[in-house]
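Below is one structure, written out as structure tokens, with a few remarks after it.
The values are calculated or read from the model by the stated rules, or taken from the named source; none is laboratory data. Computed from a prediction, not measured in an experiment: that's the story for all the values here. Glycine gets a Cβ as well: all are built from the backbone with ideal geometry, and neighbour counts include every protein chain shown.
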Amino acid sequence: MNLPYLKALKQIEDREFPALIVRIDSPGGTVGDSQEIYSAIKRLKDKGCKVIASFGNISASGGVYIGVASDKIVANPGTITGSIGVIIRGNNLSELLDKIGIKFETVKSGVFKDILSPDKPLSEEGRGLLQGLIDESYKQFTEAVAEGRNLPVEEVRKFADGRIFTGTQALELGLVDKVGDEFVARELAAEMDLFLGVELLRKLSIIFFLSLTHPIKYFGYTSLKSIGMKK
């Protein structure tokens, strides 16, 4: 479901924009979706594009994952961010189903194929399997944050326990570079790329806009705004 985002980033790459503001307003999403966009932004940076993430109302979990791929991050003072971690949840409705006389008939190829099925409790073997998956995904997440923010992994893990915090608190933790709105992010982009210049950047119209909301792999409202001109 990230195809529109990836196409947008490829278009920015092909048109050789010198700077990109990634406006993120998202409560998060799946690990794989986050990593797809994260990798695409890093490829842009490798081509010389300056990338600034601008956190909006909420930029948590997967929103942070995407943001740390940027050169710089700007957040509003009251932005809700953080929630660095990974979670899998299921519902055990077996007792309720027994009471109302509903039984599942399952034919499966392997013992774990119906893991987290609501008609039975999670087995200890299944719990161990899922915990291993969570631990590995969490390791990837914290290492990405550490690399992107130039922080020791041990330091990241001190606040990567699922907690949320404001933009101001994120600044104190080293998760963002500056407190401010999208206008501040534009000025920061201009400072990073002298080719643009602040006055020119202020006058630029939004020449690229994309938003996508998906009901399953939910990333909320995330937009990409590219700014600048071809070199």
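Just to be sure I understand the filter: pairs with C-beta atoms under 7 Å, separated by 6 or more residues or on different chains, first member in the range 73-93 and touching a residue at least 60 places away in the same chain (Cβ under 8 Å), second member surrounded by fewer than 13 Cβ atoms within 10 Å (Cβ to Cβ). Which pairs pass?
If the second residue must be surrounded by fewer than 13 Cβ atoms within 10 Å (Cβ to Cβ), the pairs left are 82/163; 85/161.
Check off (1) modelled with pLDDT under 50; (2) within 29 Å of residue 88 (Cα to Cα) for residue 229 and give me the number that stays unchecked.
Just one mismatch for residue 229, condition (2).
Output the number of residues of the range 35-72 satisfying the condition of being without any contact (Cβ under 8 Å) to a residue 40 or more places away in the chain and among the charged types (D, E, K, R).
Residues meeting the conditions: 6.
Got a number for residues in the range 157-185 being under 18 Å from the mean Cα position of the chain (by Cα) and assigned to a loop (DSSP other than H, G, I, E, B)?
Of the residues in that region, 9 qualify.
Select, from 135, 119, the only residue that is crowded, with 17+ Cβ neighbours inside 10 Å and either in a helix (DSSP H, G or I) or modelled with pLDDT under 95 (or both).
Of the residues listed, the single one that is crowded, with 17+ Cβ neighbours inside 10 Å and either in a helix (DSSP H, G or I) or modelled with pLDDT under 95 (or both) is 119.
Here are some residues: 98, 114, 135. Which one is under 30 Å from residue 66 (Cα atoms) and among the acidic types (Asp, Glu)?
Every option except 135 fails the conditions.
For (1) closer than 28 Å to residue 9 by Cα; (2) surrounded by 13 or more Cβ atoms within 10 Å (Cβ to Cβ); (3) of a type in the set (Lys, Arg); (4) modelled with pLDDT under 80, each residue gets a yes or a no:
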residue: 140; (1), (2), (3), (4): yes, yes, no, no
residue: 147; (1), (2), (3), (4): yes, yes, no, no
residue: 163; (1), (2), (3), (4): no, no, yes, no
residue: 184; (1), (2), (3), (4): yes, yes, no, no
residue: 196; (1), (2), (3), (4): yes, yes, no, yes
residue: 213; (1), (2), (3), (4): yes, no, no, yes
